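Derivation of every value follows stated rules applied to the coordinates shown; laboratory data play no part. As the structure is a prediction and not an experimental result, all values here were calculated from the model. Backbone-built Cβ (ideal geometry, glycine too); neighbour counts: all protein chains shown.
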Amino acid sequence: MSLKKKFVKYLFGLTILLMIVNVIIEFAVKPDKPENSGLNELTTYQIDSVFIDVLGQYGIESKWISTKPIKVKDEDSIKKQFTVKLPADLPIPLIIRDVNKSIANDITGFVSQEKKIFGNTEIRVYTNELLKLQAILIPDPQTIRERNNLTFIFSDISDLGQSDFNQFLSLSYKLCAAMVPNEATSVQADSLKKYSKEFVVLLNDNLTDKKYKLETRDQKALIRNSIGNIIRDFREAKLFVIDERGKLYNSVIYNYVRDEFKKRNRELVPLSEFILLEAVNENELVSKFKFHSMDGSGSNQKTFLLAYNSFVKIRPELELFKKKGHQILPISQAEIFLTTK
């Protein structure tokens, strides 16, 4: 083979080798395709669904939501605009925040815009520079969410350990404890006011402290003295409650005790006025709570009597009810308290 042919063969082989090396380098250094580039982009229909779902979380009814056909210049991605009437007490930024949060969790290239138009708010949602949602939010004083007032009375606060009692005090809600009069609860009751908590006095079969006991064999003077001690030592009590299942309620002295409290401008409220919230398991407990909280029959005041641990279990549901507009009231603002004043 001539030297010239050998040289040409050498160049050809080198060229092939360089091409192979170039391909290897290209694949080795090529940046990975973004994990979410376009793959998770929500459709207009999906974003509409997110928007409607968020409105539902805030108790916005379908009759307050309307749509109309629109044509936005230079935009082919949407064909309708939402118009939503909102209760005047519902801050619009909460709606926008939750829509943004829901969409941003699913896609990249997401942008939202909002602007005020004569007191109303227009929001627009874009993904990858395509308009996917346009809505007008209108505060309307005539739009009112159906809601209940929820009040909670804890039946076992005096039995809690220090850690659970401190957690109860730290809860942001204005909650209430049921206190059976004795030396320990009189001290415990004094600490509640500092933490915006309230209490009611409960007269039941655990009323055994000599200073406060109300027994059939006692003379009327002793009974009156015990009643005076209860009212004086628990003067911050919002209600005085009688357990109809107890011995006192079913005794011959009950009418006298009731009248003596009444003379001192204190009504004895039957324990059965409250909704006893207890169950054999967590699922049943949550189900009962949801049933009573959503019940629209009768009074819109729902006053629950429950254990502290039960409250911990229903608390996630409680947050959802608050979002829909239901209010958590202290016992001092509850209907049952106002009717006894």
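How many angstrom lie between the C-alpha centres of segment 231-275 and segment 285-341? Rounded to whole Å, the Cα centres lie 23 Å apart.
Give me the net charge of Asp218's neighbourhood, meaning all other residues with Cβ under 11 Å from the Cβ of Asp218; Lys, Arg count +1, Asp, Glu -1. Working shown, then result.
Numbers: positive: Lys210, Lys213, Arg217, Lys220, Arg224; negative: Glu215.
Surrounding charge for Asp218 is +4.
For the listed residue pairs Lys63/Lys132; Lys238/Lys313; Lys197/Lys262; Lys247/Lys290; Lys210/Lys263; Lys194/Lys313, the alpha carbons are over 29 angstrom apart in Lys247/Lys290.
Contour minus end-to-end for Asp295 and Lys322, with contour as 0.36 nm per residue of separation and end-to-end as the Cα-Cα distance?
Values: separation 27, 0.36 × 27 = 9.72 nm, distance 1.50 nm.
Net length gain for the segment: 8.2 nm.
Overall shape: prolate for segment 116-275, with the ratio a/c of the largest to smallest alpha carbon gyration tensor axis at 1.5 or above and a/b above b/c.
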